[in-house]
Amino acid sequence: MIRIIIVEDDKDMQAELKNILRETDIIKEEIKIEYFTKFSKELKNIIKDPSERKIFILDIELATKVSGIDIAKYIRQNDWESEIIFITSHDKMFETAYRNVYEIFDFIEKFHHLETRLKKDLKVIYKKNFDNKMFKFNSRNIDIQIFYRSITHLYRDKESRKLIICTDNNNYAINISVADSLNLLDERFKMVHRACIVNTDRVEVYNWVKGFFILDNGNKVHMLSRKFKKEIEEVNERNN
């Protein structure tokens, strides 16, 4: 689920944003939209909750002492994953916003192509595949939690007979079969070899002739079987 948090104290603008979001059909999953007119205890709790994907749409100038910029600063103190979009009536606030808050996704003027810009932003954010889903495994000897997006591929090591989970920075060995590990993963992970599963979001090139794939970090892995070519091609067709 994606949680969209709007902080806007103008009721007419709230209504306009509601209409824009209602007409936005690019997000193919459940959306929860919440509206606030000021910084509150409830909003603080939402910001501190790391369990859900969030997009914050903040009016910079609010009728209270706590501005949208102040709220954005609080968000970044607690959350570096969620996206922040500022909306304002005054383009002069652009520099102030970017100087005071890290990682702003966009700055939109309310009366200058608001609908077009906001819909475009939401489409880009969704395509970033921003998520907090995790691979979780525990046994008597190991307890690991790894973000799906961090996993490049998994393979069965012949010598140790363990499953190796590969990420950009580390490898983790666990006692589980390749087939059973698929039950702990989501739809982005597909088998490309009887002993290998890839995160299809992380693969740049499949070379079915020579039997290898190249990851987005540049690593080449020689575990690719033509037996699985059709399923991978279907995944690529859906994503294009």
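What follows is calculated from the coordinates using simple rules that are stated; it is not laboratory data. This structure is a prediction, so every number in the text was calculated from the model and none was measured. For neighbour counting, all protein chains shown are included, and Cβ atoms are generated from backbone atoms with ideal geometry for every residue, glycine included.
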#### Entry: Neighbourhood net charge (9 Å Cβ-Cβ; Lys/Arg +1, Asp/Glu -1) for ILE4
+2
### Over the chain: helical MRE at 222 nm, DSSP H runs n ≥ 4 each giving -39500 (n - 2.57), nearest 500
-8500 deg cm²/dmol
### Cβ crowding within 10 Å averaged over residues, with 57-64, 213-220, 192-199 ranked highest first
192-199, 57-64, 213-220
### Task
Quick one: which residues, 5+ away or cross-chain, put their amide H under 5 Å from the amide H of ARG3? H built at 1.01 Å from N.
LYS32, ARG53, LYS54, ILE55
#### Entry: Under 24 Å from LYS227, Cα to Cα: lysines that are on another chain or at least 8 residues apart
LYS158, LYS162, LYS190, LYS210
### Query
From the Cα gyration tensor of region 2-127, with a ≥ b ≥ c the square roots of its eigenvalues, which class applies: rounded if a/c is under 1.5, or else prolate if a/b is larger than b/c, or else oblate?
rounded
#### Entry: Vicinal HN-Hα couplings computed from phi for region 146-157 (Karplus, 6.51 cos²θ - 1.76 cosθ + 1.60; Hz; Gly/Pro x)
10, 4, 3, 5, 7, 7, 8, 6, 9, 8, 8, 7
### Query
What's the FRET efficiency of ASN207 with ILE176 using the Cβ-Cβ distance as r and R₀ = 41 Å, to the nearest 0.05?
0.90
### Query
Computed from these coordinates, which is percent of Cα pairs over 23 Å apart: [x] 54; [y] 58; [z] 50?
[y]
### Query
Any idea what the relative contact order of region 137-239 is, in percent, if you count C-alpha pairs under 8 Å spaced at least 6 apart?
18 percent
